[in-house]
Amino acid sequence: MKKILTLLLAICFFAPVYAQNYDKMTEKAQKKEVKQKMKDYKKAGYTIMGSRTMEVALTRHYSKLNKLGDDGIVFDGISTRTKSKNIGEQMAINNATIKYAQKAGSTIKGRVVSDGFANSTEAEGEFDKFYQAYERLVEQKVKNALVPSYSVIKDNGDGTYEIQAFFIVDESIARVARQAALEAAIKDTSLAQKYAEKVREFANDRIEE
């Protein structure tokens, strides 16, 4: 009994120390990552957009990711040749949302095809309509899950700019949005219930770049 109590006391004593050391290691790794990213951007000719410095923007970005843990996913959108910085950034944001929706749609389609339960001509046509509806609805519903983090810009030297906008996706929120989009798509396309129950499982699949 005494050995157990001693072990428990040791755990209680060392747990906070371990947590502090882990936080310090994480902070150190984050600073290293920020510095490397800053070097990469500088080498590629990118600067930060907005009033914050590159270091502050990247530090905040990685801090948010660390806080979300496994639920934090990075998605980006790009605008290659625009004359207006503001329009270019908005195009990059829209591009990220569309890309996420397309990725979600292709993930569902991949699972449906691999499971092979939509191999009849009738089912294939029904699913084609479903994929299109699902992507469109995900694009509408997932916007709240794609939180803008930072944007970088590069002067192309011909009066146009290239802009990359980065987002942090909270998977726990995005999953709910995808489920809502899936239910609406099932309803909109009258997807047969024998398929619908199986497809509902696929909305939980993690969407990454």
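The values are calculated or read from the model by the stated rules, or taken from the named source; none is laboratory data. Note that this is a predicted model, so its numbers are computed, not measured. So basically every Cβ, Gly included, is an ideal-geometry build from the backbone, and we count neighbours across all protein chains shown. Heavy atoms of the whole protein, side chains included, go into the accessibility calculation; ligands, DNA and RNA do not. Shrake-Rupley method; radii C 1.70, N 1.55, O 1.52, S 1.80 Å.
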Given the structure, is ILE98 in contact with a helix residue (DSSP H, G or I) (Cβ under 9 Å, 6 or more places away or on another chain), β-branched (Val, Ile, Thr) and either exposed (fewer than 14 other Cβ atoms within 10 Å of the Cβ) or within 17 Å of LYS141 (Cα to Cα) (or both)? yes
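Only one of GLU162, GLU126, GLU139 is in a helix (DSSP H, G or I), modelled with pLDDT of 90 or more and touching a Ser or Thr at 6+ places or on another chain (Cβ under 8 Å). Can you tell me which?
On the way: GLU162 fails: in a helix (DSSP H, G or I); GLU126 fails: modelled with pLDDT of 90 or more.
After applying the criteria, what remains is GLU139.
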Answer from ASP188, ASP170, ASP155 - the residue that is modelled with pLDDT of 90 or more and open to solvent by 70 Å² or more (accessible area, probe 1.4 Å): ASP155
May I ask you to list the residues in the range 16-51 that are of a type in the set (Lys, Arg), at pLDDT below 90 and surrounded by 11 or more Cβ atoms within 10 Å (Cβ to Cβ)? LYS31
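Run down VAL112, VAL147 and say which single residue is of a type in the set (Val, Ile, Thr) and buried (at least 18 other Cβ atoms within 10 Å of the Cβ).
Values: VAL147 fails: buried (at least 18 other Cβ atoms within 10 Å of the Cβ).
Going through VAL112, VAL147 in turn, just one is of a type in the set (Val, Ile, Thr) and buried (at least 18 other Cβ atoms within 10 Å of the Cβ): VAL112.
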